[in-house]
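The values are calculated or read from the model by the stated rules, or taken from the named source; none is laboratory data. Quick caveat, the model's predicted, so the values are computed rather than measured. Please note: Cβ atoms are built from the backbone with ideal geometry, for glycine as well, and neighbour counts cover all protein chains shown.
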Amino acid sequence: MFCSRCGQPVNNQPYCPQCGAPTGLAAMPGGPAIPPPNMYGASRVQRHLRTLGILWVVYACYQAAVWLLLLHFAFHGGSPWMRGTEPWMYGFHPGGWLIHFIAIMVFARVILSLAAGVGLLTRQPWGRVFAIVIAFLTLIKPLLGTALAIYTLWVLLCRNAGQEYDTLSMSREVRPL
């Protein structure tokens, strides 16, 4: 049998190995249905997984750097409000509850973003679901966070993405950075 799109021989496969066109044959019984390859020879998840993991790690470093830069300007320059002398900033004691609360929230976001990136880079079984959850939480971060979240959802929520990621995580064939 030959592919109707490119003319390559197809041996009882549900998709053409060359162009990915469906052949009309059912998947092999007893095994998982293999997602069709696209014109690049790899699935969307496989092509973008490494990039996505690196972007999550870079985004975590970016969040930490921005917070440290803001802290520097808050305590070493600017107006008295920026140095933290206003009572609302320190609450009822000189411990600075607002700054500490924000720092804990930023630190938590950095850790979660870093975990999502490492989980995707090392192809952990929990990495896909964890990255999707973190992407939904990051959607409200203007510009970079929203763009990264949309890219994550585009890659990890496409058709057959769960099955493709499970196949990749079982093989654990991680290429060095």
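Residue selection: residue 20 satisfies the criterion of being at pLDDT below 75, on the phi > 0 side of the Ramachandran plot, buried (at least 17 other Cβ atoms within 10 Å of the Cβ) and not in a helix (DSSP H, G or I). On the stretch given as segment 25-81, residues that are in a helix (DSSP H, G or I), loosely packed, with under 14 Cβ neighbours inside 10 Å and modelled with pLDDT under 75 total 6. Apart from one condition, residue 124 fits all of (1) modelled with pLDDT under 90; (2) in a loop (DSSP other than H, G, I, E, B); the exception is (1).
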